[in-house]
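Engineer: Before anything else, here's the structure in question.
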Amino acid sequence: MRLLGSLFIAVALLGPAAWSSAQTERPGASTLPTTFTDAALGMEFVLVTGGCFEMGDTVGDGDNDERPLHEVCVNDFYLGRYEVTNAQFKRFVDAAGYRTTAEVKGSGWGFDHEGSGDAKERNGLNWRHPLWPADGIEKKMQHPVVQVTWYDAKELAAWLSRKNNRTVRLPYEAEWEYAARSGGKDHRYSWGAGTPDGNVADLQLKKIMPKIEHFPGYDDGYRYTAPVGSYARNDLGLFDMTGNVWEWCEDWYGSYSASPQTDPTGPATGISRAWRGGSSHYERRACRSAMRFGYDPGGRDDLGLRLARSK
Ligand SMILES: [Ca+2]
Ligand SMILES: [Ca+2]
């Protein structure tokens, strides 16, 4: 995997659930509810009003895979206000009897924080037993789930779709970036360009990984994950779009096209799936909203997810 330094759930018994929605209408806009709360897991979704933006390296210091800049338009969609939590994921696995890839294979991936800083495979690592805390997630139920593969994420989405009788899915990269940048604004991070306000590589992490390029002088209080929603929301009301855990997207990871596009869904084929947003373990540059990575869909690490829904 990547080199850090180089960069580098019993509610099922409810049956098909009704969405509960906030009926607040936007002035002069459609009458779509501004939020939905899924009744099966209590997952809150925020309406992201569609629009057009320049996708990619608008700041001018990105990687080649963030170019060319290209115009993308997205329709209205809903995106989870928070990353999926351990509590929500537990309710899903308990109800569905689901075993994650890491549990079936007996291993996950995590940084060798005592040594090189590289990620390495570790026996016994899975969503119930992430790298930290190694003794389990019982006291961390409001933290984001980690060590889930793209396949695990898809299983959760399919289960929740059945429970709600409407499709819930992973966000596409274009949707994710548009939302992280608060509707396509020229924002380097979800908080904009100024003082950090999220769970990223900070002074806490630097205590055990001295070589990491952390956010200078910044101490967010968490070395590993933080409870979702611990930091400021972005301008769309979304939390932790920068940092905390990486988030799987639906798309195959591939090159951008210069052509204007509407609701792009990524390459038709590929070998890795896209993930976005940085995490508590990643240096500043990797936490940029335009930053892209691809990973084997069967890979698991400090990777979580948030779900989406078309309008
Ligand atoms: Ca941190
Ligand atoms: Ca995140």
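The values are calculated or read from the model by the stated rules, or taken from the named source; none is laboratory data. Since the model is a prediction, treat every value here as computed from it, not as a measurement. Glycine gets a Cβ as well: all are built from the backbone with ideal geometry, and neighbour counts include every protein chain shown. In case anyone asks, the SASA skips ligands and DNA or RNA and just uses the protein heavy atoms, side chains included. Shrake-Rupley method; radii C 1.70, N 1.55, O 1.52, S 1.80 Å.
Engineer: Could you go through segment 288-302 in sequence order and give the Karplus-derived ³J(HN,Hα) for each residue, using 6.51 cos²θ - 1.76 cosθ + 1.60 with θ = phi - 60°, rounded to whole Hz, and x for Gly and Pro?
Structural biologist: 5, 5, 8, 5, 10, 9, x, 8, 3, x, x, x, 8, 6, 7
Engineer: Please report the equivalent ellipsoid semi-axes of segment 26-108, computed as sqrt(5 x eigenvalue) of the Cα gyration tensor, largest first, in whole Å.
Structural biologist: Square roots of five times the eigenvalues give 32, 25, 9 Å.
Engineer: Using the Karplus equation 6.51 cos²θ - 1.76 cosθ + 1.60 (θ = phi - 60°), what ³J(HN,Hα) coupling, rounded to whole Hz, does each residue of segment 87-93 give in order, writing x for Gly and Pro?
Structural biologist: 4, 5, 5, 5, 5, 5, 5
Engineer: At 222 nm, what value in deg cm²/dmol follows for the chain if DSSP H runs of at least 4 each add -39500 (n - 2.57) and the sum is divided by all its residues, to the nearest 500?
Structural biologist: -4000 deg cm²/dmol
Engineer: By average Cβ neighbour count within 10 Å, what is the ranking of 70-76, 286-292, 161-167 from highest down? Kindly include the intermediate steps, with their values, before the conclusion.
Structural biologist: Numbers: 70-76: 17.9, 286-292: 23.4, 161-167: 15.9.
Put in order of decreasing packing, that is 286-292, 70-76, 161-167.
Engineer: For each cysteine in the chain, check whether another cysteine's C-beta sits under 4.7 Å from its C-beta; list those where none does.
Structural biologist: So far as the 4.7 Å Cβ criterion goes, Cys249, Cys287 stand without a partner in the chain.
Engineer: Amide H to amide H under 5 Å from Val48: which residues, 5+ apart in sequence or cross-chain, H placed 1.01 Å off N in plane?
Structural biologist: Residues meeting the criterion, in which the H sits 1.01 Å from N, are Phe77, Tyr78, Leu79.
Engineer: Under the 0.36 nm per residue contour assumption, what length would be gained going from the current alpha-carbon distance of Asp235 and Ser310 to full extension?
Structural biologist: 25.0 nm
Engineer: Once you have the Kirkwood Rh of segment 152-311 from its Cα pairs, apply Stokes-Einstein at 20 °C and 1.002 mPa s and quote D in µm²/s.
Structural biologist: Taking Rh from Cα pairs, D becomes 132 µm²/s.
Engineer: With a Förster radius of 22 Å, plug the Cβ-Cβ distance of Ile208 and Ser272 into 1/(1 + (r/R0)^6) and report the FRET value to the nearest 0.05.
Structural biologist: E between Ile208 and Ser272, to the nearest 0.05, is 0.15.
Engineer: Now for a separate question. Restricting to bridges with both residues inside segment 5-310, how much of the DSSP beta-bridge set is antiparallel, in percent to the nearest 5?
Structural biologist: Antiparallel bridges make up about 90 percent of those DSSP assigns within segment 5-310.
Engineer: Now for a different question. Based on alpha-carbon centroids, what's the gap between segment 70-84 and segment 247-286 in Å, whole number please?
Structural biologist: Cα centres, segment 70-84 to segment 247-286: 13 Å.
Engineer: Test of understanding: what is the full-extension gain from Thr37 to Ser255, defined as 0.36 nm times their sequence separation minus their Cα-Cα distance?
Structural biologist: 75.0 nm
Engineer: I'd like the accessible area for Ile208, computed on protein heavy atoms only with a 1.4 Å probe and all protein chains in place. Round to 10 Å², please.
Structural biologist: 40
Engineer: With a cut-off of 17 Å, note down the residues of segment 248-268 whose backbone N falls inside the zone around a label point 7 Å from the Cα of Arg67 toward its beta carbon.
Structural biologist: 255-259
Engineer: Follow-up question, since we're still on this one. If you wrap a convex hull around the C-alpha atoms of the chain and split its volume per residue, what is the figure in Å³?
Structural biologist: So the per-residue hull volume is 124 Å³.
Engineer: Where in segment 262-304 does the label zone of Tyr98 land, with the point 7 angstrom along Cα→C-beta and an amide N cut-off under 14 Å?
Structural biologist: 304
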